[in-house]
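Worksheet: the structure to be examined is printed underneath.
The values are calculated or read from the model by the stated rules, or taken from the named source; none is laboratory data. Here the structure is a predicted model, which is why all the values come from computation and not from measurement. Positions of Cβ are backbone-derived with ideal geometry, glycine not excepted, and every protein chain shown enters the neighbour counts. When the accessible area is computed, the model is the full protein with side chains, heavy atoms only, and any ligands, DNA or RNA have been set aside. Shrake-Rupley method; radii C 1.70, N 1.55, O 1.52, S 1.80 Å.
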Protein chains: 2
Amino acid sequence: MSMYAHNGRVTTQPTLSPAEADVCCPSLTVSPLSIEDAHDFARILKAVADPTRLRLVSLIAAHEQQEACVCDLTEPVGLGQPTVSHHLKILVDAGVLHREKRGVWSYYSLEAATLNRLSEFLSPG
Amino acid sequence: MSMYAHNGRVTTQPTLSPAEADVCCPSLTVSPLSIEDAHDFARILKAVADPTRLRLVSLIAAHEQQEACVCDLTEPVGLGQPTVSHHLKILVDAGVLHREKRGVWSYYSLEAATLNRLSEFLSPG
DNA sequence: ACAAGGCATCGACAAATGTCAATGTATGCG
DNA sequence: CGCATACATTGACATTTGTCGATGCCTTGT
């Protein structure tokens, strides 16, 4: 087994023992992501990687009871109701927000666990 | 000034004092994001919100010296060299990766500060 | 000088994305 | 019932995005 790569740098084998592999919470910077994990986190990140959706999340977080309905959000965001509903659906599908229907209103609130998972995923733990 | 919104929920005024506003590091969950901050963070998040780019970052992080050249990455990622270069450029432009040219090779390494900034932005600080 | 290898850039193209207007669904009120 | 309100869904459209093949640039070795 060659210890030297084609370009002359020393190469060590990245054979991790099962104990070293992060079974619990995959992290960006500890070991190469599996294709599945990469897709999972990309899906969540994609949901958040939009200026409008970032503002929606922050508006909900700053709202009373940490929840808000669509009618609370359309005006501060400056977009139409269908567009806001569309963005909220993306965030709910990604597990970033939680939707609870009460009466005529849909109340959206944070799914803190998902944001925490993202935060720890990105931090060099 | 009405204390009750149209839908009957109690509303308290979110008038933050300047001291409460996060001047240093904007966080998703403390106060409504400005449009500029939303765009800034969306740009960084967009760069990372792709399965291929997540794997590139994790491959670089797991590589010796925490750096890798394009030729180290094409095969594990399973994409052509131009495509990999394209993804790396996006990550560099977003400040997630750093590029250093040595000889014929371009060595890519992590820009830890940016990932930390992202992580803290998402965490409920 | 020449050839080869590593990488960036360009042009093209299909697929995904953000937005809107129009419409549909369901809840509450007279 | 009938109407208004809050929200979701649909269809359409322009823009962006991910990928590739072809090509160009630059460094190294002969």
Those residues of region B:85-100 which are more than 7 Å from DNA strand C (Cβ to nearest atom) and open to solvent by less than 30 Å² (accessible area, probe 1.4 Å), in sequence order: B:H87, B:L91, B:A94, B:G95, B:V96, B:L97
Residue match in region A:28-47 (condition: away from DNA strand D (no atom under 13 Å from the Cβ), surrounded by fewer than 16 Cβ atoms within 10 Å (Cβ to Cβ) and part of a loop (DSSP other than H, G, I, E, B)): yes
Among residues of region B:101-124, those that are at pLDDT 95 or above and either more than 13 Å from DNA strand D (Cβ to nearest atom) or surrounded by 18 or more Cβ atoms within 10 Å (Cβ to Cβ) (or both), counted: 16
Matching entry among B:S31, B:S2 (being in contact with a Ser or Thr (Cβ under 9 Å, 6 or more places away or on another chain), modelled with pLDDT under 95 and within 11 Å of another protein chain (Cβ to nearest Cβ)): B:S31
Evaluation of B:R53 against (1) farther than 15 Å from B:E111 by Cβ; (2) touching a His at 6+ places or on another chain (Cβ under 6 Å) (one fails), failing number: (1)
Residue, surrounded by the most Cβ atoms within 10 Å (Cβ to Cβ), within region B:65-81, restricted to residues that are charged (D, E, K, R) and away from DNA strand D (no atom under 13 Å from the Cβ): B:D72
Candidates B:S123, B:S106 - the one that is of a type in the set (G, A, S), at negative phi and without any contact (Cβ under 8 Å) to a residue 40 or more places away in the chain: B:S106
All positions within region B:82-96 that are within 25 Å of B:A38 (Cβ to Cβ) and either within 12 Å of chain A (Cβ to nearest Cβ) or within 14 Å of DNA strand D (Cβ to nearest atom) (or both): B:H87, B:K89, B:I90, B:L91, B:V92, B:D93, B:A94, B:V96
Counted residues, region B:89-103 - those being among the small types (G, A, S) and without any contact (Cβ under 8 Å) to a residue 12 or more places away in the chain: 1
For A:S106: the one exception among (1) in contact with a Phe, Trp or Tyr (Cβ under 9 Å, 6 or more places away or on another chain); (2) within 15 Å of DNA strand C (Cβ to nearest atom): (1)
Within region B:48-60, considering residues that are open to solvent by less than 10 Å² (accessible area, probe 1.4 Å) and at the interface with chain A (Cβ under 8 Å from one of its Cβ atoms), the one farthest from DNA strand C (Cβ to nearest atom): B:S58
Subset of region A:61-71 (residues that are more than 16 Å from the chain's Cα centre (by Cα) and either at the interface with chain B (Cβ under 7 Å from one of its Cβ atoms) or not acidic (D, E) (or both)): A:A62, A:H63, A:E64, A:Q65, A:Q66, A:A68, A:C69, A:V70, A:C71
